[in-house]
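Visitor: Before we start, here is the structure in question, set down as structure tokens.
The values are calculated or read from the model by the stated rules, or taken from the named source; none is laboratory data. Since this is a predicted model, take the numbers as computed values, not measurements. Heads up, the Cβs are rebuilt from the backbone with ideal geometry, glycines too, and the neighbour counts pull from every protein chain shown. Please note that ligands, DNA and RNA were not included when accessible areas were found on the heavy atoms of the full protein model with its side chains. Shrake-Rupley method; radii C 1.70, N 1.55, O 1.52, S 1.80 Å.
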Amino acid sequence: MSDDLQALRAETEAALAAAADLRALDAVRVSVLGKSGSLSGHLKGLGGVPAEQRKERGAALNRLKAEVEALLEARRTALEAEALDARLRNERADVSLPPRPFAPGTAADGGIHPINRTVEELTAIFGAMGFKVVEGPDIESDWHNFGALNIPDHHPARQDHDTFYLPGTMPNGHRTVLRTHTSPVQIRTMTAQEPPIRIIVPGRTYRADHDATHSPMFHQVEGLVIDRDITLGHLKGCLIDFLRAFFGIADLPVRFRSSYFPFTEPSMEVDIGWNRRTGELGAKGDGAGDWLEILGSGMVHPKVLANCGLDPREWQGFAFGMGIERITMLKHGMPDLRPFYECDLRWLRHYASDPIAPASLHEGI
Ligand code: PHE
């Protein structure tokens, strides 16, 4: 290799070693291999080299070019590794930073559906009172759904439920139905375990009914408490605490009105105070105060206890049941039930809640 090319290689090597970052490296590349770079200049000058030396000089220039390209590449790899090391040394992930807030309208495709949020909330509230969550099947025998609950064949309450009967019978001859309420899980629990029992049962229920406030599939939550000395006072205290915590209104008016269910005695419908004119809950005192029916409840009927093999002289308890859509609509001021199941993203984005924030006890209990 001629002296001038050796000098060029030495110069290039020194410049590469001195290049402290990728940008300096690129400047070296341009100054040697760029259009008006030094090596490119020599290549262009080949035409002026005497013919007998041209071949050898051309080959030497090409070798040098390949060598410079390899050196550039090696230096680039080294600089990149250094840069990554430096970043890893200096960057720290601050795990104490709060998560990015849930932005309604951008990330509902991960939000909690209002039905599920209500189930989470009531689980938190009843959980704090010592209740466990239990589930049961959607397809039931008519014995669990009706008979054991003191609703015999031909009882008028069977008509009230607009039942979906399924074809065929169970192995024991019982008819199969889509459960019309969550109460059959009372029976399943009392026949499967010894008292004391303290459960809530959220789940799907079915009735042949469809309009702005009824859907053929909807959700209920059942409650059941069985122990030795359970009284109506426990029922009232438990439901008043629940309703005030759930709706977040510490002085929500609650009224117990006598009613009838075949599986409870006495039975009570529970009403809460609201303002018929504004739809506001708890609103009383401006003359517009009114009552809104919210759930059914009562002391478990002795016949139901006996049907489950429990001695009614030894065990008493209370039960309640309410519609999950209904309490969700009231809490959030939703006028129509149907969008709960329509999967309209605009509605979901509006009503979905933050998947990261846990369900709270609201006003506390
Ligand atoms: N199962 C009743 C219904 O669906 C509600 C209820 C449950 C009433 C428990 C009293 C006790 O209407």
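Visitor: Restricting attention to the range 313-339, which residues are modelled with pLDDT under 95 and assigned to a loop (DSSP other than H, G, I, E, B)?
Guide: Once the filter is applied, which keeps residues that are modelled with pLDDT under 95 and assigned to a loop (DSSP other than H, G, I, E, B), the range 313-339 yields Gly333, Met334, Pro335, Asp336, Leu337.
Visitor: Go through the range 145-162 residue by residue and tally those that are under 21 Å from Asp209 (Cβ atoms), within 12 Å of the ligand (Cβ to nearest atom) and either open to solvent by 60 Å² or more (accessible area, probe 1.4 Å) or touching a residue at least 40 places away in the same chain (Cβ under 8 Å) (or both).
Guide: The total comes to 6.
Visitor: Taking the range 195-246, which residues are assigned to a strand (DSSP E or B) and β-branched (Val, Ile, Thr)?
Guide: Ile197, Ile199, Ile200, Val201, Thr205, Val221, Val225, Ile226
Visitor: Quick one: which residue in Thr182, Thr189, Thr213 is open to solvent by less than 50 Å² (accessible area, probe 1.4 Å) and either under 30 Å from Pro339 (Cα atoms) or not β-branched (Val, Ile, Thr) (or both)?
Guide: Thr182
Visitor: Same structure again: Of everything in the range 184-199, what is of a type outside the set (Ser, Thr, Tyr) and within 29 Å of the chain's Cα centre (by Cα)? Give them in sequence order.
Guide: Pro184, Val185, Gln186, Arg188, Ile197, Arg198, Ile199, listed by residue number.
Visitor: Could you please give the count of residues in the range 328-339 that are under 27 Å from Leu224 (Cα atoms) and either hydrophobic (A, V, I, L, M, F, W, C) or within 16 Å of the ligand (Cβ to nearest atom) (or both)?
Guide: 3
Visitor: Let me ask something else. Quick one: in the range 256-265, which of the residues that are under 17 Å from Glu293 (Cα atoms) and surrounded by 15 or more Cβ atoms within 10 Å (Cβ to Cβ) is nearest to the ligand (Cβ to nearest atom)?
Guide: Phe261
Visitor: Just one of the numbered conditions (1) open to solvent by 20 Å² or more (accessible area, probe 1.4 Å); (2) of a type outside the set (A, V, I, L, M); (3) within 16 Å of the ligand (Cβ to nearest atom); (4) closer than 20 Å to Pro184 by Cβ is not true of Glu325; which one?
Guide: With respect to (1) open to solvent by 20 Å² or more (accessible area, probe 1.4 Å); (2) of a type outside the set (A, V, I, L, M); (3) within 16 Å of the ligand (Cβ to nearest atom); (4) closer than 20 Å to Pro184 by Cβ, Glu325 is out only on (1).
Visitor: Another one. State which residue pairs qualify: first residue without any contact (Cβ under 8 Å) to a residue 60 or more places away in the chain and inside the range 215-230, second residue within 13 Å of the ligand (Cβ to nearest atom) and open to solvent by 50 Å² or more (accessible area, probe 1.4 Å) in any location, beta carbons under 7 Å apart, and separation of 6 or more residues or different chains.
Guide: If the second residue must be within 13 Å of the ligand (Cβ to nearest atom) and open to solvent by 50 Å² or more (accessible area, probe 1.4 Å), the pairs left are Pro216/Arg207; Pro216/Asp209.
Visitor: Pro104 fails exactly one of the following numbered conditions: (1) modelled with pLDDT under 90; (2) in contact with a helix residue (DSSP H, G or I) (Cβ under 9 Å, 6 or more places away or on another chain); (3) open to solvent by less than 60 Å² (accessible area, probe 1.4 Å). What is the number of that condition?
Guide: Of (1) modelled with pLDDT under 90; (2) in contact with a helix residue (DSSP H, G or I) (Cβ under 9 Å, 6 or more places away or on another chain); (3) open to solvent by less than 60 Å² (accessible area, probe 1.4 Å), only one is false for Pro104: (3).
Visitor: Still on this structure: May I ask you to list the residues in the range 228-255 that are open to solvent by 50 Å² or more (accessible area, probe 1.4 Å) and closer than 20 Å to Met190 by Cα?
Guide: Of everything in the range 228-255, those that are open to solvent by 50 Å² or more (accessible area, probe 1.4 Å) and closer than 20 Å to Met190 by Cα turn out to be Arg228, Asp229, Thr231, Leu232, His234.
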